[in-house]
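Worksheet for the structure shown next.
The values are calculated or read from the model by the stated rules, or taken from the named source; none is laboratory data. Every value quoted in this text rests on a predicted model; they were computed, and no experiment measured them. Don't worry about glycine lacking a Cβ; one is built from the backbone with ideal geometry, like all the others, and counts go over all protein chains shown. Heavy atoms of the whole protein, side chains included, go into the accessibility calculation; ligands, DNA and RNA do not. Shrake-Rupley method; radii C 1.70, N 1.55, O 1.52, S 1.80 Å.
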Amino acid sequence: MKKLGRIISGLIIVTLTIALVIQSFILHKEKTFAAALQAEYESDIDTLSASVVAARNELANANTSITEYKAEIEILKTDIETYAETVTALATELASKSAALATKESASLAIAEARVPLAKETDTTSPSETTGKEEKKAPEPIITASEYATLMLERINEYRAANGIAPLSFNNVCLDVADKRAAECGTLFSHSRPNGEKYYSMYDEGGYDIVSVGENCSRSCGYENDDANTVIDGIMQGYKESPGHNENMLNPKWKYVGFGFFRAEGGIIYGTQEFSSTNIK
């Protein structure tokens with residue numbers, strides 16, 4: 001019996017020892033597993049935190065881009081409005097030029113004569129006698145750089161200033177064309193030239209690049225001893241009384257001008273005003 005008891009006691013001890021070993025092994029495994037789970041959890045937390053930071057950065061960048069896009073859209077809206085205004089202005093200018101061209105086409109039938117007041121009302125010479133005397137004289141051109149042109153520029157700029165419009169400046173090409181056109185008006189009083197072309201073809205002949213030009217023509221009765229003020233004042237008055245000529249003199253788009261004068265047979269003085277929107281060279 002004692003022997004059996006010792007055997008049973010030994011078995012119990014062995015069993016307890018094995019149980020302790022197994023329990024210790026299980027606890028070790030649990031600790032190892034728990035440590036692995038904690039490490040994995042911490043890694044996931046770090047990864048998630050990095051993703052959150054990256055997402056926040058992307059959101060901030062997106063907000064910045066949206067702000068920039070909004071600013072660009074506002075700029076584009078302003079550009080579109082500016083372009084629309086430009087297109088409207090060009091359309092208006094085109095319509096104005098078309099109307100002006102249509103007016104010029106019939107100008108030869110509607111040119112108003114600007115007449116200088118007769119300084120010699122008591123002159124007893126008959127028209128036939130005067131004509132006979134004048135026919136013996138060769139046509140005498142009046143130089144554009146003379147007192148006539150200087151006074152004309154002074155008068156027209158005074159008139160423009162009184163209407164709140166910027167003054168004109170002389171342009172050498174306009175002066176030359178005005179001088180030649182005045183002589184041509186002595187042959188054919190019209191905005192068309194004696195060769196049948198329009199007045200502005202003279203610029204093309206000279207190879208000049210023009211943007212926009214205009215012309216006024218006058219035909220005045222004068223005398224050789226009429227002073228320049230009388231001649232110019234008479235021409236200006238005639239232009240003011242003619243809507244088309246007056247509009248040309250007060251057109252703000254004209255920046256440069258040239259004046260030409262030509263005294264033909266019989267004492268008739270032909271005058272021209274050549275306008276340009278650009279400084280032709």
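With respect to Gly164, determine if the residue is modelled with pLDDT of 95 or more and out of contact with any Asp or Glu (no Cβ under 7 Å at 6 or more places or on another chain).
yes
Applying the selection to region 249-267, what residues are modelled with pLDDT under 95 and assigned to a helix (DSSP H, G or I)?
Of everything in region 249-267, those that are modelled with pLDDT under 95 and assigned to a helix (DSSP H, G or I) turn out to be Glu265, Gly266, Gly267.
Looking only at region 155-193, which residues are among the polar types (S, T, N, Q) and either in contact with a Phe, Trp or Tyr (Cβ under 6 Å, 6 or more places away or on another chain) or in a loop (DSSP other than H, G, I, E, B) (or both)?
Result: Asn163, Ser169, Asn171, Thr187, Ser190.
Looking for whichever is assigned to a helix (DSSP H, G or I) and modelled with pLDDT under 80 here; the options are Glu85, Glu72. Which one fits?
Criteria check complete, one pass: Glu85.
Please specify each residue of region 178-198 satisfying the condition of being over 18 Å from Tyr148 (Cβ atoms) and more than 35 Å from the chain's Cα centre (by Cα).
Thr187, Leu188, Phe189, Pro194, Asn195
From (1) under 12 Å from Cys217 (Cβ atoms); (2) buried (at least 20 other Cβ atoms within 10 Å of the Cβ), pick out the condition that doesn't hold for Gly186.
Checking Gly186 against (1) under 12 Å from Cys217 (Cβ atoms); (2) buried (at least 20 other Cβ atoms within 10 Å of the Cβ), the one that fails is (2).
Restricting to region 226-263, give me the number of residues that are buried (at least 20 other Cβ atoms within 10 Å of the Cβ) and either among the small types (Gly, Ala, Ser) or without any contact (Cβ under 8 Å) to a residue 24 or more places away in the chain (or both).
The qualifying residues number 4.
For region 159-175, how many residues meet the condition of being of a type in the set (Gly, Ala, Ser) and closer than 19 Å to Ile232 by Cα?
Matching residues across region 159-175 total 3.
Among the residues of region 23-42, is any surrounded by 10 or more Cβ atoms within 10 Å (Cβ to Cβ), within 60 Å of the chain's Cα centre (by Cα) and of a type in the set (A, V, I, L, M, F, W, C)?
No: region 23-42 contains no residue that is surrounded by 10 or more Cβ atoms within 10 Å (Cβ to Cβ), within 60 Å of the chain's Cα centre (by Cα) and of a type in the set (A, V, I, L, M, F, W, C).
Out of all the residues in region 98-110, is one or more modelled with pLDDT under 75, open to solvent by 70 Å² or more (accessible area, probe 1.4 Å) and either over 30 Å from Ile210 (Cβ atoms) or of a type in the set (Gly, Ala, Ser) (or both)?
yes
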